[in-house]
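Take a look at the structure below.
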Amino acid sequence: MGYEQIQTASADGVLTITLNRPEALNAFIPELHRELADALKQAERDAATRVLVITGAGRAFCAGQDLKALEDLPPAGQPTGLQSLLRTSYNPLILRLRAMEKPVIAAINGVAAGAGLSLALACDIRIAGESAVFTCAFTRVGLVPDSGSTYLLPQVVGIGRALELAWTSRTVSAQEALQIGLVNRVVPAERVLPEAQELAGQLARGAATAIGLTKRAMYRGLTSDLETMLDYEAGLQEAAARTEDFREGLAAFKEKRPPRFTGR
Ligand code: T3D
């Protein structure tokens, strides 16, 4: 599938996906959804892709749903189709990012608003530029947070902050985002993508099975209990211990050298 609404670039096990509608601050339209879904599906299947980086072209990360594409609304009280739009495009996107047993890093180069914030929250690690800003945006246009924000935002920043940010839609600076745990790091604007790609490269050279299973277990742990997770970890550890990478890790330790993992 040829892409117009996104750009993709692969290097050393890292796939960088750039949302590419800079004139609309990379807001979502159906074609962008289709292309992103296709790229993620390919990345999931491609053993050579170890880590993903998602970023935006131009000055924005993503401004959420393209509001100009929602012009033909029926009169108030009539069905709008938004429910179906969420179920067929946004929800599968968020679930795919979470289910994918590969790290996904958001390189947040500018504003993340509405479902653009949800997209960032669904990524595993968030690196923001100093001038990036965040807004829930949903309530400002009379909508409730969607695309996972009611689940993800309280997990990341706590329920009180999540409600405040959702109700007010106030703009959060990159520095405040760092302080409240909304992002992992803040870096100078020109370093956002390089830092994300450097971290991605480091992870891509890691033990892929252990990294993938760690993601699966950590997210499962959020909705589980200690006893269940102790048992679950034992099963996953057996799977990790059967890999060649575990043997290489042990050998490298004994030989006092860096490991050379192959992902097998
Ligand atoms: O089924 C469903 O429920 C649908 C799913 C909904 C999920 C959602 O995401 S709802 C929330 C949608 N997003 C928003 O409400 C954000 C709207 N945008 C803004 O609030 C502001 O643009 C920003 C805070 C993101 C950035 O502000 P600023 O001052 O940096 O830029 P700007 O001047 O407002 O925007 C620049 C251009 O981008 C402008 O176009 P123009 O006038 O120069 O031709 C603006 O219209 C366009 N733009 C920005 N956001 C969107 C957009 N165009 C379409 N859709 C957008 N979301």
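Report, to one decimal in Å, the Kirkwood hydrodynamic radius for the stretch 8-156 based on all distinct Cα pairs.
That comes to 15.6 Å for the stretch 8-156.
Show the residues, 5+ positions off or on another chain, whose built amide H is closer than 5 Å to the amide H of Val187.
Ala128, Gly129, Glu130
Taking the Cα centre of each part, how many Å lie between the stretch 195-210 and the stretch 118-135?
19 Å
How compact and how long is the chain, expressed as Rg and Dmax of its alpha-carbon atoms in Å?
19.3, 72
Using unit Cβ charges (K, R positive; D, E negative) and no other charged atoms, how large, in debye to the nearest 20, is the dipole of the chain about its Cα centre?
Roughly 420 debye, rounded to the nearest 20.
Taking amide hydrogens as modeled 1.01 Å from N in the peptide plane, which residues meet the under 5 Å criterion relative to Val53, leaving out close sequence neighbours?
Leu15, Thr16, Ile17, Ile105
Would you work out the Kirkwood radius for the stretch 208-255? I mean one over the mean of 1/r across all pairs of different Cα atoms, in Å.
So the Kirkwood estimate lands at 11.6 Å.
If you roll a 1.4 angstrom probe over the protein chains with everything in place, what fraction of the accessible area of the chain belongs to carbon and sulfur, to the nearest %?
Using a 1.4 Å probe with all protein chains present, the chain comes out at 55 percent carbon and sulfur.
Based only on Cα atoms, what mean projected area does the convex hull of the stretch 169-264 have, in nm²?
Orientation-averaged projected area of the Cα hull: 9.2 nm².
Estimate the FRET efficiency between Leu95 and Leu250 by the formula 1/(1 + (r/R0)^6), using the beta-carbon distance for r and 35 Å for R0, to the nearest 0.05.
0.50
Rank Arg264, Arg220, Arg59 by accessible area, highest first, at a 1.4 Å probe radius?
Solvent-accessible surface, decreasing: Arg59, Arg264, Arg220.
For the stretch 87-189, count all C-alpha to C-alpha pairs, find those more than 19 Å apart, and express that count as a whole percent of the total.
37 percent
Kindly report the accessible area of the chain per residue (heavy atoms of protein chains, probe 1.4 Å, no ligands, DNA or RNA), in Å².
So the chain comes to 52 Å² accessible per residue, rounded to a whole number.
Which of Leu52, Gly77, Pro30 sits closest to the plus end of the dipole of the stretch 23-94, meaning its Cα is farthest towards the positive end, when Lys and Arg get +1 and Asp and Glu get -1 on the C-beta?
Result: Leu52, furthest along the dipole toward the positive end.
With axes computed from alpha carbons, what is the tilt in degrees of helix 192-204 against the longest principal axis of the chain, rounded to the nearest 10 within 0 to 90?
40 degrees
Hey, if you put +1 on the Cβ of every Lys and Arg and -1 on every Asp and Glu Cβ in the stretch 143-236, which of Ala189, Leu203, Met229 ends up farthest toward the positive end of that dipole?
The residue sitting most towards the positive pole is Ala189.
What order, most packed first, do the peptides 222-235, 31-44 have when packing is the mean number of other Cβ atoms within 10 Å of each residue?
The most tightly packed comes first, giving 31-44, 222-235.
Ala48 to Ala76: FRET efficiency via 1/(1 + (r/R0)^6), r the Cβ-Cβ distance, R0 51 Å, to the nearest 0.05?
My answer for the efficiency is 0.50.
Which part of the stretch 157-189 falls in the paramagnetic zone of Thr150, meaning amide N under 14 Å from the point 7 Å along Cα-to-beta-carbon?
163, 166-167
5 Å is the cut-off here: which amide hydrogens, built 1.01 Å from N in the peptide plane, fall below it relative to Gln65, excluding neighbours closer than 5 in sequence?
Phe28, Ala115, Gly116
Roughly how many Å is it from the Cα centre of the stretch 7-78 to that of the stretch 220-264, as a whole number?
One Cα centre to the other: 32 Å.
Label points 7 Å out from Cα along the Cβ direction at Ser84 and Thr223: separation in nm?
Between Ser84 and Thr223, the simple spin-label model gives 2.6 nm.
The values are calculated or read from the model by the stated rules, or taken from the named source; none is laboratory data. Just so it is clear, the structure is predicted and the values come from calculations on it, not from any experiment. All Cβ positions, glycine included, derive from the backbone under ideal geometry; neighbour counts span all protein chains shown. When the accessible area is computed, the model is the full protein with side chains, heavy atoms only, and any ligands, DNA or RNA have been set aside. Shrake-Rupley method; radii C 1.70, N 1.55, O 1.52, S 1.80 Å.
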